[in-house]
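J.: Below you'll find the structure I mean.
What follows is calculated from the coordinates using simple rules that are stated; it is not laboratory data. Model, not experiment: these values are computed from the prediction. Heads up, the Cβs are rebuilt from the backbone with ideal geometry, glycines too, and the neighbour counts pull from every protein chain shown.
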Amino acid sequence: MLIDRYINRAQLHAFVVVFVSLAGLYFVFDAFTNMEEFITHAAETGSLSRILATYYGCRLIWFFDATSPVITLASGMFALSWLERHNELTALLAAGVSRWRIARPVIMFAAGVSLLAAANRELVLPQIRAAFARNAQDLDGRTLQPFDSRYDHRTDILFRGRGARAAGMQIEAPSLLMPPALGDFGPQITATEATWRPAIGGRPAGYLLSGVREPADIDQLPAMERGGTPVVLTPSSADWLAPGQCFVASDVTFEQMIGSENWSQYSSTLDLVAAMSNPSLGLTADIPLRVHARFTAVALDLALLLLGIPLVLGPTRRGVFAAVGATVGMTVIFFMVVLGSHSLTQQDVLSPSLGAWMPLLVLGPLASWAAEPMWR
């Protein structure tokens with residue numbers, strides 16, 4: 001237990017120092033680059049410190065999720081190299097302490113950080129993902145962002161627009177191209193703006209179109225259905241609609257409609273699984289790949305650590321700088337395998353399940369083989 005506390009204390013100290021240093025370097029550079037935008041926004045809200053705290057507080061959580069595997073490896077290598085540099089490793093081995101016993105606290109620490117990162121992905125990031133959709137140039141979400149046309153695959157309606165604003169979840173100047181099966185109103189519905197509305201009560205989720213210009217007689221037209229399900233509601237069929245409005249039912253949320261990667265990257269696994277069964281989205285391999293990758297994340301984090309530990313703790317003794325260089329090279333190869341496998345999936349060369357599990361199938365046995373001398 002004394003060895004565990006000694007090594008874990010050194011590793012925790014290294015983890016905090018490396019994390020704070022890297023995060024501080026990134027945030028200082030980013031804040032310096034975007035300070036003009038922060039000051040301009042502070043003039044409207046009245047508190048620069050609160051803006052910076054909110055903006056970078058959320059990104060600190062994101063930074064932990066993005067860097068925790070590499071920082072955990074670096075801190076573990078530091079703790080073991082510290083033993084080596086002060087000849088404490090030699091003393092422990094001479095006293096009959098096995099290499100596995102020395103590495104155990106480092107592995108347990110890494111497992112704890114990896115599980116904490118997994119909990120962060122499932123519980124914390126989904127709650128604050130809306131903050132990641134706004135950069136320093138769009139802190140209030142009012143800037144008009146580009147909007148690419150997107151289909152609702154359940155209704156076959158093509159959503160088009162001049163742009164989108166995150167604030168209010170609005171599409172500017174929407175123009176909805178209607179399929180032949182829903183062409184009773186004409187080839188398209190145009191309006192001034194479309195606002196996303198979640199399902200509430202008996203009303204479905206969808207987009208409230210205000211200032212409808214086409215068709216001009218929208219107030220007198222009946223509701224439009226497909227397969228017995230209402231698709232377009234009009235003031236004559238829904239008393240909660242004002243004149244010049246209509247409601248287009250859709251299960252494609254605003255985040256999904258504007259093509260934001262935040263909803264998939266920072267959604268919980270349950271939300272991703274629900275999205276896979278949503279017929280409106282017409283998902284590519286990206287979402288199933290993310291779901292499978294969530295289940296391999298902890299094992300891959302440990303595989304990365306087990307590939308690095310033998311470079312310091314193995315029978316072949318290396319200098320500190322040689323071990324650091326070998327670790328950097330090994331880490332680059334590790335992420336090349338992971339990213340390469342994911343890239344092949346996105347290009348439809350591999351299935352999503354195989355693309356997510358392939359890195360573990362390759363790197364897992366390799367990590368076990370590399371760490372084998374420590375079990376002796």
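J.: So if we plug the beta-carbon distance of Val362 and Ser98 into 1/(1 + (r/R0)^6) with R0 = 30 Å, what FRET efficiency do we get, rounded to 0.05?
T.: Working: r = 28 Å, r/R0 = 0.93.
The formula returns an efficiency of 0.60 here.
J.: What does the charge count around Val231 come to, taking other residues whose C-beta lies under 11 Å from its C-beta (Lys +1, Arg +1, Asp -1, Glu -1)?
T.: Values: positive: Arg154, Arg226; negative: Asp152, Asp156, Asp184, Glu225.
Every neighbour counted, the sum reads -2.
J.: I would also like to ask the following. Amide H of Gly211: which non-local residues (sequence gap of 5 or more, or other chain) have their own amide H closer than 5 Å, using H built in the peptide plane?
T.: The list, which skips near neighbours in sequence, is Thr192.
J.: A follow-up question, please. Using only alpha carbon pairs under 8 Å that are at least six residues apart, calculate the relative contact order of the stretch 202-268 and give it in whole percent. Each step should come with its number before you reach the end.
T.: Details: 93 pairs, mean separation 22.6, N = 67.
Relative CO of the stretch 202-268 lands at 34 percent.
J.: Quote the FRET efficiency, to the nearest 0.05, computed for Ala43 versus Ile200 with a Förster distance R0 of 22 Å and r equal to the Cβ-Cβ distance. It would help to have the intermediate numbers written out before the result.
T.: On the way: r = 36 Å, r/R0 = 1.66.
Working from the Cβ atoms, E equals 0.05.
J.: Something else: What residues of the stretch 119-134 lie in the reach of a label at Leu270, counting those whose backbone N is under 15 Å from a point 7 Å from the Cα along Cα→Cβ?
T.: 119-127
J.: ³J(HN,Hα) across the stretch 159-164 via Karplus (A = 6.51, B = -1.76, C = 1.60, θ = phi - 60°), whole Hz, x for Gly/Pro?
T.: Once rounded to whole Hz, the list reads 8, 10, x, 6, x, 9.
J.: Using +1 at the Cβ of each Lys and Arg and -1 at the Cβ of each Asp and Glu in the chain, identify which of Phe185, Pro279, Ala95 lies farthest towards the dipole's positive end.
T.: Of the candidates, Ala95 comes out farthest on the positive side.
J.: Something else now. Describe numerically, in nm with one decimal, the distance between label points set 7 Å from Cα along Cα→Cβ at Ser210 and at Ser343.
T.: Taking the simple label geometry, Ser210 and Ser343 are separated by 4.6 nm.
J.: Give me the orientation-averaged projected area of the Cα convex hull of the stretch 202-288, in nm², one decimal.
T.: Working: hull surface 27.8 nm².
Across all orientations, the stretch 202-288 yields a mean hull projection of 6.9 nm².
J.: Placing +1 at every Lys and Arg Cβ and -1 at every Asp and Glu Cβ, with all other atoms neutral, what dipole size does the stretch 186-247 have around its Cα centre, in debye to the nearest 20?
T.: Using only the charged Cβ atoms, the result is roughly 200 debye.
J.: Using Cα pairs under 8 angstrom and six or more residues apart, how large is the relative contact order of the chain, in percent? Numbers along the way, then the final one.
T.: Numbers: 527 pairs, mean separation 54.4, N = 376.
Contact order relative to length: 14 percent.
J.: Sum up the charges of everything whose Cβ sits under 10 Å from the Cβ of Ile3, counting Lys and Arg as +1 and Asp and Glu as -1, but leave Ile3 out.
T.: Once all neighbours under 10 Å are counted, the net charge is +1.
J.: Once the cut-off is 33 Å, how many percent of the Cα-Cα pairs in the chain end up in the long-distance tail? Write down the numbers at each step before the final one.
T.: Numbers: 33627 of 70500 pairs.
Value for the chain (Cα pairs over 33 Å): 48 percent.
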